[in-house]
Amino acid sequence: MLGKAGGAGRPSAAQAALKRQAILEAAQEEFVQSGFRGASMRRIAQRAQVSTRTLYNHYADKLALFGACLEFGSEAIELDLTETSGTLRERLLAHATSLQLAMGSDSAIKVARLLYREGLEFEELRDMARQQFIDHQVQPVARILAHYMEAPGDAEELASHFVALVLAKWQRTVIFNDPLPGEEAVNQHARAVTDLFLSGAGDQLRR
């Protein structure tokens, strides 16, 4: 079991973070192996080396735990939204690279395939995945674009087009099992997508 250092008192923030990570990694493994329907909270607790009671104290049910796994995976997409330096191309290029690397992890690919398989059956999973897509993939780009638009009302629509371009090769990996690109291929794709997007966006963006 994951215990408390010193055997008394509340766990430190670091210990709590490690416990959360252990639970979510165990949950992700269970969901990927057994699917959402077949996943067991008891087995997840065993994998994470916590009691079932502790697991339910953190997450009310399997759906809440799955949502937490999606959120945990999205944390890998790093972007400092307060940073406004650099050209629009530089900022989009950095995000395109970061997004590809984050979504290209083995666990992200497996979770995406799970959503493709079971999303039609479980509307709640689709809703969670859609919200994660908006919050962690589209909105960061929309915030960047809004800085360069006279009328930022269209920023989210433009951002969704950009993300679709960035993740085109990733989707082929998820659906067709194409090999993931290496680092140089990721960089090349990010450059090509960013330039194509900026060319197509035309006068809507100040560069």
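Values in this text are rule-based calculations from the coordinates and carry no lab data. Because the structure is a prediction, the values reported are computed rather than measured. Here the Cβ is made from the backbone with ideal geometry for all residues, glycine too, and neighbour counts use every protein chain on show.
Just tell me the longest site-free run in the chain, where the sites are GluC sites (Glu not before Pro) in a DSSP loop having at most 16 other beta-carbon atoms within 10 Å.
Details: sites that count: E75, E78, E83, E121, E150.
Segment 1-74 is the longest.
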**Request:** Could you tell me how many degrees, from 0 to 90 and to the nearest 10, lie between the Cα long axis of helix 155-166 and the main elongation axis, the longest principal axis, of the Cα atoms of the chain?
**Result:** 80
**Size of electric dipole in region 5-67: Cβ of Lys, Arg +1 and of Asp, Glu -1, about Cα centre, debye, nearest 20** = 160
**Request:** Take the alpha-carbon centre of region 92-149, take the same for region 31-58, and report the distance between them in whole Å.
**Result:** 24
**Fill in**
Going residue by residue through region 37-42, the Karplus relation 6.51 cos²θ - 1.76 cosθ + 1.60 with θ = phi - 60° gives ³J(HN,Hα) values, rounded to whole Hz and with x marking Gly or Pro, of 4, x, 5, 10, 4, 5
**Asked** Based on the alpha-carbon gyration tensor of region 150-196 and its eigenvalue square roots a ≥ b ≥ c, which shape applies: rounded if a/c is under 1.5, prolate if not and a/b is larger than b/c, or oblate?
**Response** oblate
**Asked** So what's the angle, to the nearest 10 degrees on a 0 to 90 scale, between helix 62-74 and the longest Cα principal axis of the chain?
**Response** 40
**Message:** Which residue, Q171, Q137, A159, has the largest displacement toward the positive end of the dipole of region 116-195 when charges sit on each Cβ (Lys, Arg +1; Asp, Glu -1)?
**Reply:** Q171
**Prompt:** How high is the FRET efficiency from R20 to Y116, r the C-beta distance, R0 35 Å, rounded to 0.05?
**Reply:** 0.85
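Could you work out the helix-only [θ] at 222 nm for the chain, with each DSSP H run of four or more residues adding -39,500 (n - 2.57) and the total divided by the number of residues, to the nearest 500 deg cm²/dmol?
Details: 11 runs with 142 residues, N = 207.
When only DSSP H runs of four or more count, the value is -21500 deg cm²/dmol.
For the chain: lysine pairs with Cα atoms under 26 Å, gap of 8 or more or different chains, count? Intermediate results must be reported in sequence, preceding the final value.
Values: K4/K19; K4/K62; K19/K62; K19/K110; K62/K110; K110/K169.
Summing the qualifying lysine pairs gives 6.
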